[in-house]
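Colleague: I'd like to ask you about the structure that follows.
We did not get these values from a lab; they are worked out from the coordinates using the rules stated. Bear in mind that the values here come from a model prediction, so they are computed numbers and not experimental data. In this analysis, Cβ positions are derived from the backbone assuming ideal geometry, glycine residues included, and neighbour counts consider all displayed protein chains.
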Amino acid sequence: MLSFLWSLLFFIVALVILISIHEFGHFLAARLCGVKVEKFSIGFGKVLWSRIDKKGTEYVLALIPIGGYVKMLDDRVNAVSDARSYQAFNNKNSWQRAIIIIAGSFANFMFALFAYWIVFMTGMPGIRPVVGSIIEESPAAEARISPGMELRSINGVKTPDWDSVYTVLSGKTCDPIMHITVAPFNGTETSEKIIHIKQKHCKAHQLNPILSLGIQPLLPSGPLVLDAIQKNSAGSQAGLQVGDIIITARGQVLKDWYSFDTVVRNNLGINIPLEIERKGKKMTCILTPGVDPNYNTQGFAGIVPRVISLPSEYKILRQYGITDAFSKASIQTWKIIDLTTSMLQTMIIGNITLHDISGPIAIARGAGKSAEYGFVYYMMFLALISVNLGMMNLLPLPVLDGGHLMFLLIEKMTGRPVSEIMYQLSYGVSLIILMLLTGLAFFNDLSHF
């Protein structure tokens, strides 16, 4: 219960911050373009606080912090006197309206840049990319990458930690060839490995770019404790519980989570006796791996391991001065924008299943976990979600900013605005689509936790 309240608290804080940033972007652009702003609201429902400034703008903080809005003067909504018509949003020229529409997402991107700037000046924590094990017959195995090697660069891009490895690989989805520079851990002599990615690895590569190459990061040794069990998963049906310690699988002592993962992946639909420890007592459970929803030729248990920290020699702290930190923050922000764009494209063309869509519950869990790890991790979480919020709002759905931008483009091309009937129809359809996706995301979240 305490963990839930912690996650909820930092989820609400994240919502308020990011929604305020987004709406402030619209607000500031409207003011700069000479549009009268009637109301600036964060949240919906019962008004908790409000005030009116000298320009007649009402500022509102409402009870339900799931959104916000900037209400601008518009004679399509209410009658506007001739003396004030120049302040109406719809009477501004197309480029001014476009700036106001885009400004919300732009503000989210600028906040991400600011957050990463703070992170790089404070110190970006990371884990050195040391290989823990290699999956047999994988691209990495064929390239003769072995456990204990450290990945120094990929296609010429330096990879000081696993986050940078993930970012580089995610931007190179299904490239047929990759050049990876490796070296022994703490060694100086490097060598180049050429990885050939086959078509069968493409789907897995999009979903888990590191694991799909057959590379498993080094994990700390320690007990295999369950941190979460997905609802209706193989782990749940086996009777596993949070806090259980897995000792053996089929009599084989498990040294790390990769050992367990290998057994599960290779035994789809086959009963696996597990020896576990629960509250000091040993017992046996029978796990029958189900189908991995992301890669249906492999087994899937539906459990989440408890994270154990690696020794300090595997950790790094990338800290920079003001100028270098800003440069790094700019690059990182662009990488996240590019990665988010790629993921949206992948989702639209159907290479990511509906099962992979996450919603508010998963985000709340992420907020709580990142806050537990400290200020820097929470700032990185805010930056990531801010970019996602900005990109999602640019999708061409009439209920979102991107839809308004699309209508503006149509108006510019045809010389007249979209008809009210067409606007209302498309708005209603897009609202239904968005509600269905939100409902699906909630369902996925509940089934995962």
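Colleague: How much length is gained if the chain between PHE44 and LYS231 is pulled fully straight, taking 0.36 nm per residue apart and subtracting their Cα-Cα distance, in nm to one decimal?
Modeller: Going from the current span to full extension adds 64.2 nm.
Colleague: With only alpha-carbon atoms in the gyration tensor, what are the semi-axes of the equivalent ellipsoid for the stretch 34-83, in Å, largest first?
Modeller: 23, 12, 8
Colleague: Still on this structure: Restricting to lysine pairs 8 or more places apart or on different chains, what number in the stretch 115-261 have Cα atoms under 26 Å apart?
Modeller: Total qualifying Lys-Lys pairs in the stretch 115-261 comes to 10.
Colleague: Between the stretch 66-86 and the stretch 239-314, what is the C-alpha centre distance in whole Å?
Modeller: Using only Cα atoms to place each centre, the spacing works out to 58 Å.
Colleague: Now a separate question. Can I get the semi-axes of the stretch 113-201's equivalent ellipsoid? Compute them from the C-alpha gyration tensor as square roots of 5 times the eigenvalues, in angstrom, largest first.
Modeller: So the three semi-axes of the stretch 113-201 are 25, 17, 11 Å.
Colleague: If you don't mind, there's one more thing I want to ask. Place a label point 7 angstrom from the Cα of VAL77 along the Cα-to-Cβ direction, then list the residues of the stretch 21-46 whose backbone nitrogen is under 12 Å away.
Modeller: 36-41
Colleague: Sticking with this one: Using the Karplus curve 6.51 cos²θ - 1.76 cosθ + 1.60 with θ = phi - 60°, work out ³J(HN,Hα) for each residue of the stretch 178-186 in order, rounded to whole Hz, and write x for Gly and Pro.
Modeller: Karplus values, whole Hz, x for Gly and Pro: 10, 9, 10, 8, 10, 7, x, 4, 6.
Colleague: Going by amide H atoms built from the backbone, whose H comes under 5 Å of the H on GLY68, apart from near neighbours?
Modeller: Answer set, sorted by chain and number: GLY43.
Colleague: Determine the gain in length on full extension of the stretch ALA141-ASN208; use 0.36 nm per residue of separation and subtract their C-alpha separation, reporting nm with one decimal.
Modeller: 22.4 nm
Colleague: What distance in nm lies between label points placed 7 Å from Cα along the C-beta direction at TYR423 and SER85?
Modeller: Label-label distance for TYR423 and SER85, simple model: 1.7 nm.
Colleague: Once the Cα atoms of the chain are picked out, what are the Rg and Dmax in Å?
Modeller: 25.2, 84
Colleague: Do you know the Lys pair count in the stretch 34-83 for C-alpha distances under 12 Å, with sequence separation 8 or more or different chains?
Modeller: 4
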